[in-house]
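Asker: Just dropping this structure here.
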């Protein structure tokens, strides 16, 4: 019933929370505060030197907690950078929500270590990213890549409140005003066109394309992709250069496979319509022949391909039922 | 039924000239016999489940329907209508008459009484089992007339044949699946057909028929909301595209007003038509219709166009304003209820996932992957775009309707797997248009080559006629071959469709899911009848007033077959009550004991697939119990049951998981058992792991009964120990 997407084999990231208590070493905390104020969204970027300064060479327990995001820009992985942005939101929200309470903000710092400029990866034993773990207790926890889950993780470990997450609005204010002026300027022209009946909406062909698109959208399982937020394709577990486009099992699909199959449906259907309705008007006989042969071959291949894929995906072997008296014994 | 409906045609055809009459008669004979065969085919294709298993009711909800039907036939309609059921939702109970759609039960009871009147003394169960196939057969007839209405008789015949065996429909209408959908799809298609007919003719009688069809639909299934939103949307589209006519006015007003008044007679629906946000669209369109009519009248009276333009502007603005204000005031004052969660989850698909776990938890509410579409529609998916193209080529009121119906329902089918059912008639009809038009085009191409004038049967071919005219003036020998090749291709595809449908019906959709079948090591069939074994045990070995706690999936079956009171069942009307059960299942035993004591629970029933490898058991549903329980009681936290985001039952499982009630009840004594050769004891075959807690000790419960394959395990809740 429930889908458990095992994150640990998908994305390359890791969060470690180094948690601590007591023993005041005010100069280090002060340094971290100043580093935080100078970095973007309050995420401090650590290198080898600062790792040893703030983490390894500090006597345990430390007076502050660090939550470290192990990043790898070289990997250029979209889910990872998505998570990195979410991480930034948590950091920014944490500082802004606890603005006037230095007793809270000085206890937790959001950091980032990139694989390019640090040996820290080895030091923390980060080999198969992403494990999401808490160093202090050596216990793994569930963080699913959203700002809320990171905040929850932090709150459950450090007992500091992060507060509501502030995400930047989808469109900035200048963008909104530009769009509004554009709409305001074009409105009179549009209204005039509508009244005259000259818009694209008066063209039935546009509606046909729209209808075909809605069909494509539905049967290719796009709603499934949106609701379950599936990736377009996966990377093979064994071989990272190989991409997996098709997922076996009828309850789940990947983005690309749905679109390719949806495309095949439409291709065959529209070709059929084209042959019976438009091709007959073509004057040139040779052209007709070639196109017709082409259409038939393409349709045959497409249908065969989809049926094969469906049988493979659902694991069913469709066969014919013959009368039992016809069978050999 | 078939001959009855077509007999007027027969009579008409006799009045034709003798030569014409012959071809006409032949055509009619072929048409009627095809339709008759399709009618029989639709019925027998659905009997696979009876052949492979036995004549029994399937799944979960049908058991409730069966139980109520039994009550209805035994006690009569008024008792049924006022029935307060104290055997479910203990201690709350449930008012049955006011919380169900009675259409299905009344239909089955009427068939039963009719058969008895004719001196056929069948058991009510047989009637219930065969209701769905019977209505599926009737649906094919409606599909024929609908296809005839939107395209031509050929399309109607193809549509009837396609829908007769379409897996998307069969999945919900095999013998034994005695559920609301069984009659509802018939009612849905009938309503649509009658409405389209009413719009075409503008006749009051068709509109009246459509209103009654709507009434039947409302009485049968909650999916009527689709009708009451699609028809106004259709009318609105016709208004916008300038297809307003007196016919439309008559059809919609009659259908809406009468349909609404009739629907109010169903207690479960009540005044929703005037109070709920989901029905407001229909009312808005109704009012808009009156504005249109009024404007028409004013235009007729006013001869000054300039004056009319001003008047038009003022009326339209004020009408929209008044409507908006009324809606705003109604919503703000609480008179108009906001949209329900289920409705939201259709429009905004991510809504259910975030807000209503109980909707998201049901497997048939999952979004649809492409393979499910392929599995249920097969070749129709390729034909649909072609059908769309043909519909756009010949736009009429009827084709606009079928295109809208097809696209909206397909979109909804993408959101929820179960709504594939609603889209099936539309997909079949549109695909039938593609098949029929293609075949007609190609055969007419063939015929013109043989220099035979067009046969009488091609009346009203429309676009295909025009395109065949185009082909007439270019007779190349190649085209004939091409047409033959294409025809062979089309028939090959259709035959694959038939093979696919037969196979799918027999292998995938005929399982009653209360009796499980598996293939043994030697390819033989093994039947697991544990559910019924457990329910009959409950019936015969427990006190009649015993209360049984189980996850809600099994509630209907326990009351119907075990005849015992349950705490929650499949009518998930009270989320808190279900969450309480979820909480009990996911708590430690002593905490769960307090909850069970407070609910007077005597027996706990769990479903366990570890021995047989049955994967839809309670352990696999467990996370949903946690989620639903945690939704109401925040003490239950999902991460407590997971390890690194993963759900495990082996040694690496979380301690909370290993000691919660559900785990203990499922795996009690399981640690001693060897399930598979070469594996250690306590090897769970459903999840393929060795369990983590083999030494389960129960304190407040004791094992009462475990079925032969361990699928159902029943525990007795011990009375509290004496306190001195």
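Asker: To check you understand DSSP bridge types, tell me what percent of the beta bridges within the protein assembly as shown (both residues inside) are antiparallel, rounded to 5. Present the calculation step by step, with values, prior to reporting the outcome.
Answerer: On the way: 29 of 47 bridges.
Antiparallel bridges make up about 60 percent of those DSSP assigns within the protein assembly as shown.
Asker: While we're on this one: Take the Cβ-Cβ distance between residue A:293 and residue B:446 as r, set R0 to 25 Å, and report the resulting FRET efficiency rounded to the nearest 0.05.
Answerer: 0.85
Asker: At 4 °C and 1.567 mPa s, grab the translational diffusion coefficient of the protein assembly as shown from Stokes-Einstein with a Kirkwood Rh over Cα pairs, rounded to a whole number in µm² per second.
Answerer: In µm²/s, the coefficient rounds to 39.
Asker: Once you treat every alpha carbon in segment A:222-302 as an equal point and sum by Debye, what is log10 I(q)/I(0) at q = 0.16, 0.22 Å⁻¹?
Answerer: So the normalised log intensities are -0.73, -0.97.
Asker: So, one more: Given the rule -39500 (n - 2.57) for each run of at least 4 DSSP H residues, summed and divided by the residues of chain B, what is its mean residue ellipticity at 222 nm, to the nearest 500 deg cm²/dmol?
Answerer: Here the helix-only value at 222 nm equals -20000 deg cm²/dmol.
Asker: Any idea what the alpha-carbon Rg over 2.2 N^0.38 Å comes to for segment B:485-632?
Answerer: 1.42
Asker: Using a Förster radius of 51 Å, what is the FRET efficiency between residue B:33 and residue B:267 based on their Cβ-Cβ separation? Nearest 0.05, please.
Answerer: According to the calculation, E is roughly 0.70.
Asker: Semi-axes of the equivalent ellipsoid for segment B:111-217, please: Cα gyration tensor eigenvalues, times 5, square-rooted, ordered largest first, whole Å.
Answerer: Largest first, segment B:111-217 gives 27, 18, 12 Å.
Asker: Moving on. Could you pull out which residues in segment B:628-669 have an amide N less than 17 Å from a spot 7 Å beyond the Cα of residue A:155, following the Cα-Cβ vector?
Answerer: Counting backbone N atoms under 17 Å from the label point, the list is B:630-640.
Asker: Counting residues in segment B:633-724 as N, plug N into 2.2 N^0.38 Å and put the Cα Rg over that result.
Answerer: So the Cα radius of gyration is 1.22 times the expected 2.2 N^0.38 Å.
Asker: Other chains' Cβ within 10 Å of B:412-425 residues: what's the mean?
Answerer: 2
Asker: How far is the Cα center of segment B:567-633 from the Cα center of segment B:399-436, in Å?
Answerer: Centre-to-centre distance over Cα atoms comes out at 38 Å.
Asker: Which residues in segment B:221-246 place their backbone N less than 15 Å from a point set 7 Å from the Cα of residue B:339 along the Cα-to-Cβ direction?
Answerer: B:225-230, B:233
Asker: Further question: Give, to the nearest whole percent, the P(r) tail of segment B:554-646 beyond 15 angstrom, counting all Cα pairs.
Answerer: 65 percent
Asker: Run the simple label-point estimate for residue B:394 and residue A:278 please: 7 Å along Cα→C-beta, distance reported in nm.
Answerer: A separation of 2.0 nm, rounded to one decimal place.
Asker: Separation between the residue A:285 and residue B:600 pseudo-spin-labels, each 7 Å from Cα along Cα→Cβ, expressed in nm?
Answerer: 8.9 nm
Asker: Just the Cα atoms of chain B, one point each, no solvent: what log10 I(q)/I(0) does Debye give at q = 0.07 Å⁻¹?
Answerer: Debye curve over Cα of chain B, log10 I(q)/I(0) at q = 0.07 Å⁻¹: -0.59.
Asker: Rounded to the nearest 0.05, what FRET efficiency do residue B:120 and residue B:540 give with R0 = 45 Å and r taken as the Cβ-Cβ distance? Could you check?
Answerer: After rounding, the FRET efficiency stands at 0.90.
Read-outs: derived from the displayed coordinates by stated rules, not from any lab. Keep in mind it's a predicted model, so treat the numbers as computed, not measured. Every residue, glycine among them, receives a Cβ derived from its backbone with ideal geometry; neighbour counts consider all protein chains shown.
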